[in-house]
Amino acid sequence: MAERSSFVVVANRLPVDEVIVDGERQWRPSPGGLVTALHPVLTQHRGTWIGWAGGDGEAPEPFELEGINIHPVPLSAEELERYYEGQSNATIWPLYHDAVETPVYKRRWREAYRMVNQRFAQAAAEVAEEGATVWVQDYQLQLVPAMLREMRPDLRIGFFLHIPFPPIELFMQMPFRAEILRGLLGADLVGFQQRLAAQNFVRLARHLLGLRYEGQSIQVDGRKVKAGAFPISIDTADMERMAADPKVQARAKEIRAELGDPETVILGVDRLDYTKGIELRLKAFRELLADGKLKVPDAVMVQVATPSRERVEHYQTLRVKVEREVGRINGEFGKVGMPAVHYLHQSYSKQELAAMYVAADVMMVTPLRDGMNLVAKEYVACRSDRGGALVLSEFAGAATELRQSFLCNPHDPDGVKDALLRAVAAEPAELKRRMRVMQRHLRTHDVAEWARSFLNELGVPETDAAPD
Ligand code: ADP
Ligand code: F6P
């Protein structure tokens, strides 16, 4: 029987990667912001992290890694297709991102979503001690809070949504909308990235279920469910340290040299996802080259597009479109040995990404909609030289905080081009001033502070929350 814990995290993915050493399966921690932030709380409580280990079929037995109990939950090949690729990433993901791609609704996907959420809830019910705190993460597991409360009314349950929460009119499209909403209302605290998202949620509770609310607090079955905004962040100090490492600095110089030492390096780093606005950014660059406002080889673009959700149709179509646009730009504006766009459909180490951030004069973050966008924050944290300019979409959660970036409306191509040109032309003194303000903000608003503020609001005593 698995060890019981007083603090349990439930997330779709486990914070571990599988590695094969001498033909034997081993696990190593995967370096994510969430696990970094929660590590102190988890180790303090011999906490448990419940999640999917990747792959299909039987799950590995629970094990301990660096003071955290890892509790894998299995997914069959069919569940992967229906719960993860289908309901989570072809229905909920597009709908919650302003339906920038058309959401697909299928009954068998909903069934699988229910079954898998039940499995995660069951696992949490089994490992949580009497009166424990359980923190459920993200859109893949929205039914878990209510399912868990039903089984274990003694628990303190938090839920955090990492992606946007849509306005009422969009949410109402969802065929099992009331069930999702009731699922979330099983929590004591529901956290969002933005204040507007929390407002959408409380208004929806009244609209759909006729529930009363006061401020951000909803009355449900004689309980109070609080909603609030907790903008997630990065491990700022760690990112700053990494970027200042002489090896990363040297690698940044090397990258610029490999690009032919251009005057302006423009960078994009995203999962290859249709919400990220990769195509519109490429188009803006192409039009500026065509207008003669930018020239190859003085300006080059590097676009890192991390492979993601590759079996979902929307993602396959996007890949074709992006690669066609890259081909078009290079065909029209590249020279022998000098492409205009360097397109990299690969994953990189955090160090290599940091070197790219340091090497880039302009970082383009242009999502059509994004819950937060940590890449924007990572870029700012890496620029201890206070050089570099961030072009940022108003539709990224990060835009609420990073006001000194070059903000743009990604739906307006001329606005994007204008922001990019202003960023390219900005004086070093102006860039320094902008970076200084944003860096100061990120030092006090890091991921540990995010976890601390959520857990405090949930009522986990201060001493138990993540220390600095
Ligand atoms: P999302 O959660 O939608 O993928 P974010 O920008 O919030 O978007 O977070 C992306 C995270 O993935 C960042 O921490 C970023 O450093 C990392 N990342 C992005 N591209 C790569 C890549 N090619 N290799 C490794 N890590 C990547
Ligand atoms: O930010 C949303 C999110 O779904 C995270 O939960 C996840 O870590 C990331 O995007 C990557 O997605 P996936 O787990 O589907 O590869």
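Return, ordered by residue number, the residues of the range 421-458 whose backbone nitrogen is under 19 Å from a label point located 7 Å along Cα→Cβ of Arg403. Zone members listed by number: 430-446. Calculate how many DSSP beta bridges within the range 235-443 are antiparallel, expressed in % of all such bridges and rounded to the nearest 5. Counting DSSP beta bridges with both partners in the range 235-443, the antiparallel share is about 5 percent. Of the trypsin sites (Lys or Arg not before Pro) found in the range 354-402, the ones in coil according to DSSP and having at most 16 other Cβ atoms within 10 Å of their Cβ are Arg386.
Global size of the range 351-407: 10.6, 30 Å for Rg and Dmax (C-alpha atoms, Rg to one decimal, Dmax whole). For Leu368, the amide hydrogen comes within under 5 Å of the amide hydrogens of Lys276, Gly277, counting only partners 5 or more places away or on other chains and with H modelled in the peptide plane.
If we count every other residue with Cβ under 15 angstrom of Tyr357's Cβ, Lys/Arg +1 and Asp/Glu -1, where does the sum land? Taking every other residue near Tyr357 into account, the sum is -1. Applying the Kirkwood pairwise sum to the alpha-carbon positions of the chain produces a hydrodynamic radius of 23.2 angstrom. Full extension of the chain between Met338 and Asp412 yields a length gain of 23.7 nm, computed as 0.36 nm times the residue separation minus the alpha carbon distance. Once the Cα atoms are used to define both axes, helix 350-359 deviates from the longest principal axis of the chain by about 40 degrees. Using C-alpha pairs below 8 Å separated by at least 6 residues, the relative contact order for the range 346-414 is 32 percent. Proximity of backbone amide H atoms, modeled 1.01 Å from N, is registered between Arg13 and Trp52 at under 5 Å, excluding neighbours fewer than 5 places apart on the same chain.
Taking the range 74-99 and a reference point 7 angstrom along Cα→Cβ of Ala2, the backbone N atoms nearer than 20 Å belong to 74-77, 79-80, 83-84.
With contacts taken as Cα pairs under 8 Å at a separation of at least 6 residues, the range 116-169 carries a relative contact order of 41 percent. Between the amide H of Phe406 and those of Leu390, Val391, Leu392, distances stay under 5 Å, these residues lying 5 or more places away or on another chain, with hydrogens modeled in the peptide plane.
Taken one residue at a time, the phi angles of the range 233-249 give Karplus couplings (6.51, -1.76, 1.60, θ = phi - 60°) of 9, 10, 7, 4, 4, 5, 5, 4, 4, 4, 5, 7, 4, x, 5, 5, 4 Hz. Gly and Pro are set to x. What separates the Cα centres of the range 38-106 and the range 301-351 is a distance of 27 Å.
Residue by residue, the range 361-376 carries 3J(HN,Hα) couplings of 7, 10, 9, 9, 10, 10, x, 6, 6, 8, x, 10, 5, 6, 4, 4 Hz when phi is fed to the Karplus relation 6.51 cos²θ - 1.76 cosθ + 1.60 (θ = phi - 60°); x denotes Gly or Pro. For a straight C-alpha distance cut-off of 16 angstrom, the lysines reachable from Lys350 (same-chain residues fewer than eight places away being disregarded) are Lys247, Lys377. Remark: the range 55-65, residue by residue, has Karplus-estimated 3J(HN,Hα) of x, 10, x, 4, 8, x, 5, x, 8, 10, 9 Hz, where x stands for each Gly or Pro and the curve is 6.51 cos²θ - 1.76 cosθ + 1.60 at θ = phi - 60°. With neighbours defined as other Cβ atoms within 10 Å of a residue's Cβ, the residues Lys276, Lys253 order from fewest to most as Lys253, Lys276.
Values in this text are rule-based calculations from the coordinates and carry no lab data. What you see is a predicted model; the values in this text were computed from it and never measured. In this analysis, Cβ positions are derived from the backbone assuming ideal geometry, glycine residues included, and neighbour counts consider all displayed protein chains.
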